[in-house]
Amino acid sequence: MELSHRTITQIGHYRDMDLTGTAPDTLLKLYFQMLRLRRTEEALHQEYHPADEMRCPIHFCIGQEAIPAALSLHVRPDDFIFSHHRSHGYYFAKGSPLRELFAEIYGKATGASGGKAGSQDISHSDTNFYSGAILAGAVSIAVGAAFGFKHKRTKQVSISGFGEGCTDEGAFWEAMNYAGKQKLPVLFVCENNRYATFSDQLKRQADDNVSARVRPFGVRATQIFGNDTVLAHRTIGAEIERLRNGDGPALIEAYTYRWNSHVGPEDDSANAYRQPGEMEFWKANCPIVLLGEKLRAAGLLTDALSARYEAEVAAEVAANFKFAKESPFPTDTHWRQMNYADASPLADRLLGVATRGAGFDQYQDEAKLGPY
Ligand SMILES: Cc1ncc(C[n+]2csc(CCOP(=O)(O)OP(=O)(O)O)c2C)c(N)n1
Ligand SMILES: [Mg+2]
């Protein structure tokens, strides 16, 4: 059955989750990972105001934990993830250190990007995680990385995470065209949550089915109920396996829903953009509740285990806040040192180009200004 936000709420309570073939410890790990991400996001959401110490916009991913949890169990350290503005889930999926996410949001020197990128542009190069606020920008970069992997025959996979709003951009379709033609090892993960800011996909596009439209570009595509974490885990695992064996590219379209505002903890419901009953449907089909019900019925999740998980996560969140709050702010840095290390071969090459290119005089003048 083709999925669509138009009809998905007719499912009522989702009952198709199938645990067969997924090991019990994997199922518990999926549950734990979702809980960690949910509690982390809830804590940041609650702490944002009135303290006002996080001085950057945050696009929270509460309600969208299934895909990050499933991805987190499949990506290898040498794989790359390139995320959009709603970055926390993908950062988490790559196993990048959460305390450096907290510190980044607090604008601290110990943050993943030295406190200067904030939530929606955060990167952690040690773990091969990058994000960017330019819609579809990171998709193109993910395709470039996959091109490198293919030609170096490394069996690494490039993962590109984005929302359906990204497919409003021309650059997205150029990326599909190139990845399909070159058969690149890139997994496109589209978390279709229906809205781009306050705008329904069906007001922007003729259909809310991205999958059908990427296939003619040579991109294999699968639709899934995106709050079924076990299905997400199985689908992502199978696709990554195929990509490592040269059978790419692939796209997974996961229908899901964000519970919070587009950005920040402020309530944006005054814009009245959601459909009646929709929030209730998605909350009733919370990915953590759906998996929790199944795990309890199978005797895998008990009250004691659940309490242990909660305590472990609460301690981690508290330690992350402490680390972020106690870390120092960064000192002034010249703009030339903010995007790359001046001593790197890439920087040398770029500066070499700059000495020959037009506009170099202006560049020199700016360089003389010194740190600001
Ligand atoms: C090139 C570009 N145009 C516009 C924007 C403004 N913008 C930021 S988020 C967003 C909506 C994104 O929706 P979607 O891709 O579905 O992701 P979601 O926020 O739903 O997770 C827009 C239009 C942008 N960041 N970049
Ligand atoms: Mg969206």
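The values are calculated or read from the model by the stated rules, or taken from the named source; none is laboratory data. Computed from a predicted structure; not experimentally measured. Virtual Cβ from ideal backbone geometry, glycine too; neighbours counted across all protein chains shown. The protein model used for the area step is the full one, side chains on, heavy atoms only, and it has no ligands, DNA or RNA in it. Shrake-Rupley method; radii C 1.70, N 1.55, O 1.52, S 1.80 Å.
Summed over the range 197-224, residues that are within 13 Å of ligand 1 (Cβ to nearest atom), in contact (Cβ under 8 Å) with a residue 40 or more places away in the chain and touching a helix residue (DSSP H, G or I) at 6+ places or on another chain (Cβ under 6 Å) total 4. For the range 27-60, residues that are acidic (Asp, Glu), open to solvent by 60 Å² or more (accessible area, probe 1.4 Å) and in contact with a helix residue (DSSP H, G or I) (Cβ under 9 Å, 6 or more places away or on another chain) total 1.
Exactly one residue out of Ile159, Ile67, Ile105 is β-branched (Val, Ile, Thr) and within 27 Å of Glu326 (Cβ to Cβ), and it is Ile105. Mind checking which pairs have a first residue in the range 149-170 that is under 30 Å from Gln201 (Cβ atoms) and outside the structural domain of Asp208 (by TED's automatic domain parsing) and a second that is aromatic (Phe, Trp, Tyr) and within 16 Å of ligand 2 (Cβ to nearest atom), Cβ under 9 Å, 6 or more apart or different chains? No pair meets every condition.
Pairs, please: C-beta under 7 Å, at least 6 apart or cross-chain, first residue under 16 Å from Asn193 (Cα atoms) and in the range 280-303, second charged (D, E, K, R)? Pairs found: Pro287/Glu65. Could we say that Ile134 is assigned to a helix (DSSP H, G or I), open to solvent by 40 Å² or more (accessible area, probe 1.4 Å), farther than 15 Å from Ala324 by Cα and modelled with pLDDT of 95 or more here? Considered against the rule, which asks whether it is assigned to a helix (DSSP H, G or I), open to solvent by 40 Å² or more (accessible area, probe 1.4 Å), farther than 15 Å from Ala324 by Cα and modelled with pLDDT of 95 or more, Ile134 comes out as no. If the condition is being away from ligand 2 (no atom under 16 Å from the Cβ) and among the hydroxyl-bearing types (Ser, Thr, Tyr), then the range 166-210 contributes only Tyr178. Just name the residue that is farthest from Asp207 (Cα to Cα) out of those in the range 4-24 that are in contact with a strand residue (DSSP E or B) (Cβ under 9 Å, 6 or more places away or on another chain) and either at pLDDT below 95 or β-branched (Val, Ile, Thr) (or both). Selected residue: Ile11. The requirement of being at pLDDT 95 or above, at negative phi, open to solvent by less than 50 Å² (accessible area, probe 1.4 Å) and touching a Gly at 6+ places or on another chain (Cβ under 7 Å) is fulfilled nowhere in the range 309-329; no residue meets it.
With the structure loaded, tell me whether Ser72 is among the polar types (S, T, N, Q), in contact (Cβ under 8 Å) with a residue 12 or more places away in the chain, open to solvent by less than 10 Å² (accessible area, probe 1.4 Å) and within 28 Å of Leu243 (Cα to Cα) or whether it fails that test. Full working, then the answer.
On the way: among the polar types (S, T, N, Q): yes; in contact (Cβ under 8 Å) with a residue 12 or more places away in the chain: yes; open to solvent by less than 10 Å² (accessible area, probe 1.4 Å): no; within 28 Å of Leu243 (Cα to Cα): yes.
Judged against the criteria, Ser72 is not a match.
Taking each residue of the range 19-33 that is without any contact (Cβ under 8 Å) to a residue 60 or more places away in the chain and closer than 14 Å to Thr229 by Cβ and looking for partners that are of a type in the set (S, T, N, Q) and open to solvent by less than 70 Å² (accessible area, probe 1.4 Å) with beta-carbon atoms closer than 6 Å, six or more apart or interchain, yields Gln33/Ser72. Residues that are modelled with pLDDT of 95 or more, aromatic (Phe, Trp, Tyr) and assigned to a helix (DSSP H, G or I) do not occur anywhere in the range 258-270.
Of all residues in the range 234-257, those that are outside any loop (DSSP other than H, G, I, E, B) and surrounded by 15 or more Cβ atoms within 10 Å (Cβ to Cβ) total 15.
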